[in-house]
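Shown next, in structure tokens, is the structure this report addresses.
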Amino acid sequence: MQPVLDSFVSGFPILMLHSSVTIAILLAGIWLYIWMTPWDEMALIRKGNNAAALSLGGAIVGLALPLAIAMAASVSAYEIILWGPVTLILQIIAYRVADIVMRTLPKRIEDGQMSAAILLVSIKLAAAIVNAAAVSG
């Protein structure tokens with residue numbers, strides 16, 4: 001039992017550091033995403049716009065997935081600090097490409113069209129899966 005406790009005592013601070021760094025990067029990514037989108041998700045969500053809520057929720061999961069894999073594959077907080085923002089940038093580029101290809105997407109989200117939100121979430125999650133696989137090597 002003592003080796004298990006020793007492992008926990010030595011590993012817990014590292015867990016907290018890695019988790020804290022990753023969550024901070026995720027929060028920065030969420031803020032950047034919200035800032036970059038052509039619509040105000042929070043205002044739309046407060047008005048009951050389900051499409052905006054689904055879109056933002058998909059973005060959050062899409063940003064978190066490659067970050068989680070980057071954290072799992074990293075041996076230090078420095079690696080997370082290096083790879084974390086890279087995964088966020090790749091995700092945000094994928095989102096912007098989707099916005100460009102689907103020119104009417106912002107208006108459709110603002111109008112509460114769930115079909116647009118579902119497609120957008122699918123793109124976000126697909127990009128997240130590919131980015132997570134790329135980060136994991």
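Points to keep in mind about this one:
- Restricting attention to region 79-102, the residues that are buried (at least 17 other Cβ atoms within 10 Å of the Cβ), β-branched (Val, Ile, Thr) and under 15 Å from Gly62 (Cα atoms) total 2.
- The set of residues from region 1-57 being β-branched (Val, Ile, Thr) and either at pLDDT below 90 or more than 30 Å from Gly112 (Cα to Cα) (or both) comprises Val4, Val9, Ile14, Val21, Thr22, Thr37.
- When residues in region 1-37 are screened for being within 18 Å of the chain's Cα centre (by Cα), farther than 18 Å from Ala68 by Cα and of a type outside the set (A, V, I, L, M, F, W, C), 1 of them pass.
- Restricting attention to region 47-79, the residues that are farther than 21 Å from Lys124 by Cα and touching a residue at least 24 places away in the same chain (Cβ under 8 Å) add up to 3.
Residue-by-condition table, conditions (1) small (Gly, Ala, Ser); (2) on the phi > 0 side of the Ramachandran plot; (3) not in a helix (DSSP H, G or I):
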site	(1), (2), (3)
Leu26	no, no, no
Met71	no, no, no
Arg103	no, no, yes
Arg108	no, no, no
Ser122	yes, no, no
Ala126	yes, no, no
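- Candidate set from region 83-129 (those that are farther than 24 Å from Ile69 by Cβ and hydroxyl-bearing (Ser, Thr, Tyr)); member that is modelled with the lowest pLDDT: Thr104
- Residue count, region 26-41 (criterion: surrounded by fewer than 13 Cβ atoms within 10 Å (Cβ to Cβ) and in contact with a Phe, Trp or Tyr (Cβ under 9 Å, 6 or more places away or on another chain)): 1
- Search result, residues across region 89-119 that are under 25 Å from Lys47 (Cα atoms), among the hydrophobic types (A, V, I, L, M, F, W, C), out of contact with any Phe, Trp or Tyr (no Cβ under 8 Å at 6 or more places or on another chain) and in contact (Cβ under 8 Å) with a residue 40 or more places away in the chain: Met114, Ala116, Ala117, Ile118
The values are calculated or read from the model by the stated rules, or taken from the named source; none is laboratory data. Note that this is a predicted model, so its numbers are computed, not measured. Note: ideal-geometry Cβ built from the backbone for every residue, glycine included; neighbour counts use all protein chains shown.
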